[in-house]
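Asks: The structure under discussion is supplied below as C-alpha cells; questions concerning it will follow.
The values are calculated or read from the model by the stated rules, or taken from the named source; none is laboratory data. None of these values were measured; they are calculated from a predicted model. Cβ: placed from backbone, ideal geometry, glycine included. Neighbour counts: every protein chain shown. To get the accessible areas, we keep the full protein, side chains included, count just its heavy atoms, and leave off ligands, DNA and RNA. Shrake-Rupley method; radii C 1.70, N 1.55, O 1.52, S 1.80 Å.
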Amino acid sequence: MTTADPYFFVCDCEELRRSACRSEIFYKTYDGLRYCVLHYPGTEKHVAFQAALARKEKAQDFDFGGVWFPYAVDFSQMVISEANFGGAVFNSAVRFRETEFGEYATFGSAQFVQADFSRAKFIDADFGFTKFNEANFLDAQFEDAYFANAEFIGDAKFNPAIFLGRASFSNARFGRAFFGNTDFSGGAYFGNAKFGGLADFGDVKFGGPNFEHAQFVARVNFGRAEFSASPVFVGVQFDEVDFSDTTFTGDADFKETKFRGSADFGAARLKANAFFNDTEFEKNAYFNDVKFLNNEEREGIPPEAIASSRDRVVAFDKAKFKDAVAFGSVEFDSQVNLRFMDTTFEQPDRVSFQDVNLRPIWFASVDPRPLHFIKVHWNKLYRRKFIAAEIKTLEDQGIDTPYESLEIVCGQLAVNAEENSRYGEAARFRFIANKARSRGTWHNLIKNPSEWESWINLNPLLWIYGFVSGYGERAWQAALVLVSICFIFAAIFYFGQRDGVWWRLSTADTGTSTADQPAEQKPILRDFKEAVIYSAAVLTLQKPEPLPANKRAKTFVLLETVLGPIQAALLALAIRRKFMR
Ligand SMILES: [Zn+2]
C-alpha cells in the first residue's frame, strides 16, 4: 500500500478525527500534507465539499470531527442523535437553531466565527476548549454542559438558557457575557473563569454556583439572582458589582474576594451565614436594606443540626474597607451576629450605620469612635441582663478577656455618643463600661485566685462609686442613697437614744434651766418624724439642737456630716452629667 494511491488513502488530519473521513478519498495536498475534501483547509474546495456534505447528511452521518467548513452551513431543526464536531473549524456562520442533539454533542476544541444554537436542545454538550467569536445560545436547553476552557471572544448570549444538570464554565474566557434569567439550578462552575467585558447574571436562578478565583474586569450584575444553595465566591476579583435584591438561601462565601469597584448588596436577603473574611473593598460598599433573615426553609432539618447553626454570623474578619461603607436600614435577625474581627476601615468617617439594630460587642475589635451611628438602636442596651448576654456572646466567640473587651468598646461608644450629642446613650455606655470593669475584677478573682495579690485589686472604690451613684451616671440612684442616709441616721438617732444620754442642750441654756426644770435636762427626739427632721438638718450641716452628748452620738453625727454632703455632691454631679458634657 502506498499513500499515493487514492483508494488506500489515509488522511493527514489529526488521528482522532479520521473517523469523519473514513469513506473519503484523497482530495488535495496542503502544506505538504495530504487531505480528504472534508479536512482540507482551503476555501477553493467549495463545490467538492458541498457534495461530500450532502453525502454525509444523506447517510445521517454527523461525525464531522476536525472538518474544515469553507462556507456558512445550516443544521437548524435537525435531530442529530450523535453529533461530533470536535475540532471542527467553521470559517463562516453556522446555524443549529432548534436542533435537537441526542445522547451526546461534541464540539470540543471547535472554532466558530458565528454560532447560532438558539433554542437548541442538548443532553450532554461538550464545548470544552471551543473558540467562539459570536455565540448565541438564546433559549437553549442543556442537561449537562461542559464549556470548560472555552473562549468567547465576542458576545456570549445565554440570556436565557436552561441548564438542568451540571454546567461547567471553569477556566472559560469571556468577552461580554449575557446570562440574564438563565436557570443554573443544576450547579454552575465558573472557577477561574475570566470575564473581559460586562457580565450579566441578572435574575439568574443558581443552585450553589462556584466562582472560585473568577475574574471580572468590567461591571457585573447579579441583581435579583437567587442562590438556592451555598454560592462560593472565594478569591473572586470583581470590578463594579451589583448584588442588589439577591436571595441567598445557603451560606454566602465571599472569602478573600476583591471588590475593585463599588459593591452593592442593596436589599439582598441572606438566610444563612455570610463570610466576607479577608475581603477587600476598594470602592464604596453598600449594604443598605439588606435582610439577614431566619431561614424558614430550615424546617425539616434535624434539631441537632439547627442547634449547631443557631447563631449565624455575618463575618467581615480581617476585611479591608478602603472607601465608604453604608449599613442603612439593615435588618438583623435575633440570631445573627455581625462580626468585625480585626476589620480595617481606612476611612472610618465614611462608615455609617443608619436605622439599624446593633449590638455593641460587634464593634469589640474595631475602634467605633469615628464611625457614624445615625438613629441606631442598641439591642437590649437598657435591659438588666445586658452585660451577661454580651459577655456570653464574647465568650462563645472565644474572646479571652470578655469583660475588658466590653468595657473598652462601651467606653469608645460612649465617646462616640457624647461627641454626637447623644448624652443619654453616652451615660448608659459609660455605666456599662464601669460595671463591666468592676464585674471583670470579681470574675478574675474567681477565675485565677492564685494570681490574686490584694483585695485592692477588686477596686472597692469603683464598686462603692457604682453603688452610691451608678458611676456618676444615675441621679436617681444617688438621690435614693442620699435619702437612705438620712433615714438610716434618723433610725440610729431615734433607737440609739434609748440607751444612755445622747443629747444635751447648748451650754448657754444649761446654766439657767438646771435649777427650775430638771426634767428638761434630758432632751430627746420624741418621735421618728422628729428624728428624720433632725437627721436631715445634720446632713445639711445645720448643727441642730439638741447637740450630741455622749461619744456614740457624737460619732454618728460626725459621720453623717461627712457622708451626707459627699453623697449630695455625687447627686449634684450625676444631675449635671445628665445635661452637660
Ligand atoms: Zn480527512
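Asks: Which shape class, rounded, prolate or oblate, goes with segment 368-412 when its Cα gyration tensor gives a ≥ b ≥ c as root eigenvalues, a/c under 1.5 marks rounded, and past that a/b bigger than b/c marks prolate?
Replies: The shape class here is oblate.
Asks: Would you mind checking which residues have amide H under 5 Å from S329's amide H? H placed 1.01 Å from N; only 5 or more apart, or other chain.
Replies: Long-range HN contacts for S329: D289, Q354, D355, V356.
Asks: Rolling a 1.4 angstrom probe over the protein chains, ignoring ligands and nucleic acids, what is the accessible area of I391 in square angstrom, nearest 10?
Replies: It works out to around 10 Å².
Asks: Something else: Solvent-accessible area per residue for segment 310-396 at a 1.4 Å probe radius, Å²?
Replies: Roughly 47 Å² per residue, with all protein chains present.
Asks: Quick one: net charge of R224's neighbours, Cβ under 13 Å, K/R +1, D/E -1?
Replies: After counting each charged neighbour, the total is -4.
Asks: Here's another thing I want to ask about it. Assign one of three labels to segment 316-378, namely rounded, prolate or oblate, based on the Cα gyration tensor with a ≥ b ≥ c the square roots of its eigenvalues; rounded applies when a/c is under 1.5, prolate when it is not and a/b is larger than b/c, and oblate otherwise.
Replies: Judged from the Cα gyration tensor, segment 316-378 comes out oblate (a/c at least 1.5, b/c at or above a/b).
Asks: Which of the listed residues, F174, N277, F493, is farthest toward the dipole's positive end in the chain, when Lys, Arg count +1 and Asp, Glu count -1 at the beta-carbon?
Replies: Value: F493.
Asks: Going by a ≥ b ≥ c, the root eigenvalues of the Cα gyration tensor, does segment 1-149 fall in the rounded group (a/c under 1.5), the prolate group (a/b larger than b/c) or the oblate group?
Replies: Prolate, since a/c reaches 1.5 and a/b exceeds b/c.
Asks: Tell me which residues come under 5 Å, amide H to amide H, from A140 once H is placed; ignore anything under 5 positions away on its chain.
Replies: For A140, the qualifying residues are R119, A120, I162.
Asks: Could you tell me which residue out of L559, A433, A48 lies farthest along the dipole of the chain toward its positive end? Charges go on the beta carbon: Lys and Arg +1, Asp and Glu -1, centred on the Cα centre.
Replies: In the chain, that residue is L559.
Asks: In the chain, which helices (entire DSSP H runs) extend 24 Å or more along their own long axis, judged by Cα positions, while averaging at least -1.0 on the Kyte-Doolittle scale?
Replies: Those that pass (Cα extent of 24 Å or more, hydropathy at least -1.0) are 402-419, 423-447, 475-496, 551-579.
Asks: How large is the accessible surface per residue of segment 99-200, computed with a 1.4 Å probe and reported in Å² as a whole number?
Replies: About 37 Å² of surface per residue is accessible.
Asks: Then there's this: ³J(HN,Hα) across segment 356-371 via Karplus (A = 6.51, B = -1.76, C = 1.60, θ = phi - 60°), whole Hz, x for Gly/Pro?
Replies: The phi angles translate into 10, 8, 10, 10, x, 5, 4, 9, 4, 10, 10, 8, x, 4, x, 6 Hz.
Asks: Let me ask something else. Quick one: 3J(HN,Hα) in Hz for segment 237-249, Karplus 6.51/-1.76/1.60 with θ = phi - 60°, rounded, Gly and Pro as x.
Replies: 10, 9, 8, 5, 9, 10, 10, 5, 6, 7, 10, 10, 8
Asks: How much net charge surrounds P348 when only the other residues with a Cβ under 14 Å from the Cβ of P348 are counted, with Lys and Arg +1 and Asp and Glu -1?
Replies: Summing Lys and Arg as +1 and Asp and Glu as -1 gives -1.
Asks: Right, another one. On the Cα set of the chain, report Rg and Dmax in Å, please.
Replies: Spelled out, the Cα radius of gyration and Dmax of the chain are 41.5, 161 Å.
Asks: Also, quick follow-up: Let's see if you can work this out: charge +1 on each Lys and Arg Cβ, -1 on each Asp and Glu Cβ, no other charges. What is the dipole magnitude of the chain about its Cα centre, in debye to the nearest 20?
Replies: 2860
Asks: Net charge around W463, counting only other residues with Cβ within less than 13 Å of its Cβ (Lys, Arg = +1; Asp, Glu = -1)?
Replies: Charge balance in the 13 Å sphere: +3.
Asks: First compute the accessible area of the chain with a 1.4 Å probe, then give the percent of it belonging to carbon and sulfur atoms.
Replies: Here carbon and sulfur together make up 52 percent of the probe-accessible area.
Asks: Now for a different question. Kindly work out what percent of the DSSP beta bridges joining two residues of the chain are antiparallel, to the nearest 5.
Replies: Given both bridge residues lie in the chain, the antiparallel proportion sits at roughly 5 percent.
Asks: Something else now. Alpha carbon centre of segment 82-104 versus segment 432-503: separation in Å?
Replies: About 88 Å separates the Cα centre of segment 82-104 from the one of segment 432-503.
Asks: Dipole size in debye (nearest 20) for segment 325-443 around its Cα centre, Lys and Arg Cβ +1, Asp and Glu Cβ -1?
Replies: For this selection, approximately 620 debye.
Asks: Considering amide H positions built from the backbone, and no H for Pro or chain starts, which residues 5 or more places from R173, or on another chain, come under 5 Å of its amide H?
Replies: Excluding prolines and chain starts, which carry no amide H, the hits are A150, E151, F152, K194.
Asks: Ignoring ligands, DNA and RNA, how do R422, R504 rank by accessible area with a 1.4 Å probe, largest first?
Replies: Sorted descending by solvent-accessible area, the residues read R504, R422.
Asks: Still on this structure, I have one more. Charges at C-beta only: +1 for Lys and Arg, -1 for Asp and Glu. How large is the resulting dipole of segment 93-196 about its Cα centre, in Debye rounded to 20?
Replies: The dipole of segment 93-196 has a size of about 380 debye.
Asks: Kirkwood hydrodynamic radius, computed over distinct alpha-carbon pairs, for segment 404-488: how many Å, to one decimal?
Replies: 14.0
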